[in-house]
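The structure under discussion appears below in the form of structure tokens.
The values are calculated or read from the model by the stated rules, or taken from the named source; none is laboratory data. Small disclaimer: the values here were computed from a predicted structure and weren't measured. Using ideal geometry, Cβ is built from the backbone for each residue, glycine included, and neighbour counts are taken over all protein chains shown.
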Amino acid sequence: MIAKIALVLAAMTAAGAAQAEDPLSDTEGYDVFKKRCRACHTVAADDGTVLFKGGRTGPNLYGVIGRTAGSEEDYRYRDDIVAAGEQGLVWDEESFVAYVQDPTGFLKEYLDDSGARSGMTFKLRDGGVAVYEYLRDVSADAAG
């Protein structure tokens with residue numbers, strides 16, 4: 001019985017320490033994501049670990065940085081974002097920040113198609129760099 005209690009207390013202490021030491025929960029990007037992005041997006045690792053529970057309207061953003069646009073498995077994208085990925089769009093800081101500021105405008109310019117449309121109608125005017133850094137770091141931290 002004492003051994004079981006000790007194990008439970010050790011687990012609780014370790015869990016509390018891990019949360020207290022999480023450098024990402026105190027970042028601007030975490031705060032912006034929490035306030036502006038999580039309504040539509042979640043961040044869940046490939047093994048199913050949910051790092052940030054959010055909505056399912058948009059694709060999972062775990063590992064999005066460095067990924068080809070429109071390529072997250074198990075998500076149904078609009079044709080224009082897939083076409084951008086097929087033309088070489090990979091989410092780096094510059095493209096990510098420009099996209100979140102005006103998704104449809106970005107695709108129109110990138111594809112040189114005035115009829116291009118994004119499935120993301122929200123415009124993140126401020127905080128794009130911080131969200132980029134958060135998504136880059138949370139994926140890297142979780143990966144190991």
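On inspection, TYR134 fails the criterion of being closer than 24 Å to SER25 by Cα, in a loop (DSSP other than H, G, I, E, B) and touching a Leu at 6+ places or on another chain (Cβ under 8 Å).
In the condition set (1) in contact with a helix residue (DSSP H, G or I) (Cβ under 6 Å, 6 or more places away or on another chain); (2) farther than 19 Å from CYS40 by Cα; (3) part of a loop (DSSP other than H, G, I, E, B); (4) not basic (Lys, Arg), SER71 is compliant with all but (2). Scanning the stretch 97-114 for any residue that is among the small types (Gly, Ala, Ser) and in a helix (DSSP H, G or I) turns up at least one such residue. Scanning the stretch 109-120 for residues that are free of Cβ contacts under 8 Å to residues at least 40 places away in the same chain and surrounded by 13 or more Cβ atoms within 10 Å (Cβ to Cβ) yields GLU109, TYR110, LEU111, ASP113, ALA116, ARG117. Only one of the listed residues (PHE106, PHE96) is surrounded by 14 or more Cβ atoms within 10 Å (Cβ to Cβ) and under 20 Å from LEU51 (Cβ atoms). That residue is PHE96. Determine whether the stretch 44-63 contains at least one residue that is assigned to a helix (DSSP H, G or I), modelled with pLDDT of 85 or more and under 23 Å from ALA140 (Cα atoms). Within the stretch 44-63, not a single residue is assigned to a helix (DSSP H, G or I), modelled with pLDDT of 85 or more and under 23 Å from ALA140 (Cα atoms). For beta carbons closer than 8 Å, sequence separation of 6+ or different chains, a first residue in the stretch 121-135 that is surrounded by fewer than 18 Cβ atoms within 10 Å (Cβ to Cβ) and a second that is in a helix (DSSP H, G or I) and hydroxyl-bearing (Ser, Thr, Tyr), the qualifying pairs are THR121/THR104. Exactly one residue out of ALA3, ALA116, ALA84 is modelled with pLDDT under 85 and hydrophobic (A, V, I, L, M, F, W, C), and it is ALA3. Select from the stretch 44-81 the residues that are under 16 Å from VAL100 (Cα atoms) and either free of Cβ contacts under 8 Å to residues at least 24 places away in the same chain or among the hydrophobic types (A, V, I, L, M, F, W, C) (or both) and list them in ascending order. Of everything in the stretch 44-81, those that are under 16 Å from VAL100 (Cα atoms) and either free of Cβ contacts under 8 Å to residues at least 24 places away in the same chain or among the hydrophobic types (A, V, I, L, M, F, W, C) (or both) turn out to be THR57, PRO59, ASN60, LEU61, VAL64, ILE65, THR68, ALA69, GLY70, ILE81.
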